[in-house]
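First up is the structure itself, then whatever we jot down about it.
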Amino acid sequence: MSALGFEVMLGALTTTGSLLAFAKLQGLVRGTPVTYKGQNIFNMALLATTVGIFIYLIFVPGSMPLFFTMVGLAFIFGFLLVMPIGAADMPVVMSLLNSYAGLASAATGFVLSNNVLIIAGTLDGFSGFILSILMCRAMNRSMTNVLFGAFGSAATSVPGADGKQGVMREVSLEDIATQMAYAKQVVFVPGYGMATAQAQHAVRELADTLEKRGVTVKYGIHPVAGRMPGHMNVLLAEANVPYSSLYELEQINPEFPSTDVAVVIGANDVVNPDARDNPNSPIAGMPILEVDRAKSVVVLKRGQGKGFSGLENPLFFKEVTGMLYGDAKDSLTKLVQAVKDA
Ligand code: NAP
């Protein structure tokens with residue numbers, strides 16, 4: 001009963017939690033945190049009731065109605081657990097759910113006396129847990145803060161940065177091509193938009209063209225760029241970008257002041273200076289790629305769309321920034337030709 005209870009409880013909350021995470025990531029529901037007053041207390045009470053029934057069932061295992069009540073409550077708890085988490089914290093919740101799924105499988109292994117399931121589940125569970133901790137560190141957040149960040153607050157929703165900005169400056173393809181062609185160093189900062197546009201091969205082609213002209217090309221990789229851990233690394237590896245050209249956050253940030261052009265390719269949240277400058281921002285404290293410190297910034301995106309967190313990005317309104325609108329792959333392909341002609 002202990003193993004079975006543990007399995008169904010974790011399994012049920014993982015199922016509904018994952019479904020909600022999926023809906024948030026697919027944009028089927030709003031990705032921003034949904035909070036209300038007393039949320040954590042309610043969630044804790046629900047969890048305590050579920051665990052209470054579980055403990056009771058260990059001693060009195062015959063009660064079917066109670067068993068199904070426990071399963072039902074766990075289903076509801078999974079949903080409520082993910083509801084207040086959103087924006088930049090989603091990577092943590094994803095790896096955490098992955099970890100729960102592993103632990104549920106390990107418990108199933110005990111129920112079925114299946115060693116493979118026990119070992120595989122335990123490995124999955126603990127690697128997911130380690131990944132969650134690493135993700136938290138990468139985002140400068142504590143696990144408690146991610147899971148219980150909504151504690152006592154109904155007003156932590158996204159404060160619009162609207163009103164304090166100026167206008168977004170659009171720049172022409174030829175201007176950007178000239179800037180890049182005569183630069184000493186160009187840093188590409190890929191994000192989710194590069195993945196959706198499948199622009200990794202075009203990025204590589206542009207880098208090759210620039211390198212042939214003697215420009216140093218580097219890639220700044222944020223740990224939570226894209227929609228899964230290592231997303232950018234996988235895509236760039238697929239396009240045969242040399243691993244030695246990829247730079248982690250701490251390595252590339254000091255280089256931005258001496259970078260002539262930082263090219264943001266479909267990235268948004270990971271370059272949002274509000275995380276560094278605005279303590280009231282929901283992503284405050286999350287380390288960012290400080291492209292705004294480069295001599296010139298070019299942002300490739302389709303329009304005025306926000307990032308996963310749904311926050312406004314002051315980077316796009318800075319004087320140093322020029323916007324090139326259009327699908328990333330399309331823009332990059334045109335830039336390759338324009339750099340050759342420059
Ligand atoms: P992002 O903040 O989601 O921004 C992506 C940007 O790409 C959007 O502003 C969008 O603007 C643009 N875009 C979309 N399609 C495009 C296309 N075809 N061509 C050009 N641009 C396009 O992405 P990010 O900076 O990579 O940040 C990742 C976010 O996802 C973070 O908030 C992170 O916490 C979250 N997240 C990460 C993971 C993970 O494990 N890595 C998991 C879950 C959530 P337009 O619409 O204007 O084009």
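The values are calculated or read from the model by the stated rules, or taken from the named source; none is laboratory data. Model, not experiment: these values are computed from the prediction. All Cβ positions, even for glycine, are placed from backbone atoms using ideal geometry, and neighbour counts span all protein chains on display.
Tell me whether the range 242-252 contains one or more residues that are over 29 Å from ASN98 (Cα atoms) and acidic (Asp, Glu). Within the range 242-252, not a single residue is over 29 Å from ASN98 (Cα atoms) and acidic (Asp, Glu). When the range 243-257 is filtered for residues that are surrounded by fewer than 12 Cβ atoms within 10 Å (Cβ to Cβ) and not aromatic (Phe, Trp, Tyr), the ones remaining, listed by number, are SER244, GLU250, PRO254, PRO257. Checked against (1) in contact with a strand residue (DSSP E or B) (Cβ under 6 Å, 6 or more places away or on another chain); (2) within 11 Å of the ligand (Cβ to nearest atom), VAL297 passes all but a single condition, namely (2).
I'd like to know if the range 224-243 contains one or more residues that are touching a Leu at 6+ places or on another chain (Cβ under 7 Å), in the same structural domain as VAL336 (by TED's automatic domain parsing) and over 23 Å from GLY326 (Cα atoms). Checked against the condition, which is being touching a Leu at 6+ places or on another chain (Cβ under 7 Å), in the same structural domain as VAL336 (by TED's automatic domain parsing) and over 23 Å from GLY326 (Cα atoms), the range 224-243 yields at least one hit. In the range 47-54, the condition of being more than 21 Å from ILE283 (Cβ to Cβ), within 28 Å of the chain's Cα centre (by Cα), touching a residue at least 12 places away in the same chain (Cβ under 8 Å) and surrounded by fewer than 19 Cβ atoms within 10 Å (Cβ to Cβ) is met by at least one residue. Applying the condition of being among the β-branched types (Val, Ile, Thr) and within 26 Å of PRO229 (Cα to Cα) to the range 179-215 and asking which residue is surrounded by the fewest Cβ atoms within 10 Å (Cβ to Cβ) yields THR196.
Let's see how each residue does on (1) at pLDDT 95 or above; (2) hydroxyl-bearing (Ser, Thr, Tyr); (3) within 30 Å of ASN280 (Cα to Cα); (4) not assigned by TED's automatic domain parsing to the domain that holds GLY17:
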| site | (1), (2), (3), (4) |
| --- | --- |
| VAL111 | no, no, no, no |
| VAL116 | yes, no, no, no |
| SER127 | no, yes, no, no |
| SER132 | no, yes, yes, no |
| CYS136 | no, no, yes, no |
| THR144 | no, yes, yes, no |
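If you check GLY326, GLY266, GLY307 for being modelled with pLDDT under 95 and within 13 Å of the ligand (Cβ to nearest atom), only one passes: GLY307. Looking at the structure I just gave you, is VAL298 over 24 Å from MET135 (Cα atoms) and surrounded by fewer than 23 Cβ atoms within 10 Å (Cβ to Cβ)? Taking the combined requirement at face value, the residue does not satisfy it. Listed conditions (1) touching a residue at least 60 places away in the same chain (Cβ under 8 Å); (2) under 21 Å from THR144 (Cα atoms); (3) away from the ligand (no atom under 16 Å from the Cβ) are all met by PHE75, apart from (2). Test GLY322 against the criterion of being more than 20 Å from the chain's Cα centre (by Cα) and at positive phi, and give yes or no. Here the answer is no, as GLY322 does not meet what is asked.
Summed over the range 290-317, the residues that are touching a Lys or Arg at 6+ places or on another chain (Cβ under 9 Å) and outside any strand (DSSP E or B) give a count of 9. For the range 274-292, the count of residues that are over 20 Å from LEU246 (Cα atoms) and modelled with pLDDT of 95 or more is zero.
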